[in-house]
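Since every read-out is calculated from the coordinates, none of them should be taken as a lab result. Computed from a predicted model, the values in this text were never measured in an experiment. In this analysis, Cβ positions are derived from the backbone assuming ideal geometry, glycine residues included, and neighbour counts consider all displayed protein chains.
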Amino acid sequence: MPRLESCTWSCSCAARGRHKTQPGDAATKVGEMLSSGGPSQVSAGHGARSPGGAGSTLNWSRHLVQRSVVLFVVGAFMALVLNLLQVQRNVTLFPEEVIATLFSSAWWVPPCCGTAAAVVGLLYPCIDSHLGEPHKFKREWASVMRCIAVFVGINHASAKLDFANNVQLSLTLAALSLGLWWTFDRSRSGLGLGITIAFVATLITQFLVYNGVYQYTSPDFLYIRSWLPCIFFSGGVTVGNIGRQLAMGIPEKPHND
């Protein structure tokens, strides 16, 4: 019995010793974690990534503003030049007080066309990115300049060429516009956006002419010329190519995790 009691006593003492040492071990582990600086390193890591994300966002925003300004200026300038050509050939008629101005154009034409060019030029690369089909066909400025020259030629042809009727002229300009898309674009998104732009711009023009803001001579498609959607289509493809070229090499918009 004494031997059994001593054994029981020693076992109970050992058990109490183990229970007493467990809090000490936990405290030791906590101390090691604090001394190793684990949480501080994690927080430091998050803090180090934050400035980089803010810098990327600022850089992306600055590039977006620059591209918008360039597209606005290009759109406003092309509107003045091409509208002047239409006015000189008596295709488009403005009131007398408008014709007497420097560029024979209403004040609202350049800002409206510039804004439309900025929206279209930013929309093309955005749609390409959304569809996961980056446009890489003839991505150089020489190709973009040739596209602009062809577009100006199509607009010039609409005012200069004389056909027996407007239907023949419309079919010719439609073929030229599709040729412009095939030569300088060849993307499904470019074709779809070009058709959408032509449709929306034609509706807006019909509304303006209907309300007497200006008018076309010899209208054959309600209040406008039947070839006007072809001009809008080729103009959308041209501005889209400019916007895509400006977006080349621009960092993508950062995503917040």
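Structure values in brief
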item	result
Cβ crowding within 10 Å averaged over residues, with 233-239, 155-161 ranked highest first	233-239, 155-161
Residues whose placed amide H lies under 5 Å from that of Q215, excluding near-sequence neighbours	L93
Label-point separation in nm, F221 to S56, each point 7 Å along Cα→Cβ	4.5
Packing rank of 70-77, 166-173, 215-222, where each peptide gets the mean count of other beta carbons within 10 Å, highest leading	70-77, 166-173, 215-222
Three-way shape label, segment 89-188, alpha-carbon gyration tensor, a/c 1.5	oblate
Mean projection area, nm², convex hull over Cα of segment 194-241	3.2
Spin-label model distance (nm) - H130 vs H156, 7 Å beyond Cα toward Cβ	3.6
Cβ-derived FRET efficiency at R0 22 Å, F199 paired with L93, nearest 0.05	0.35
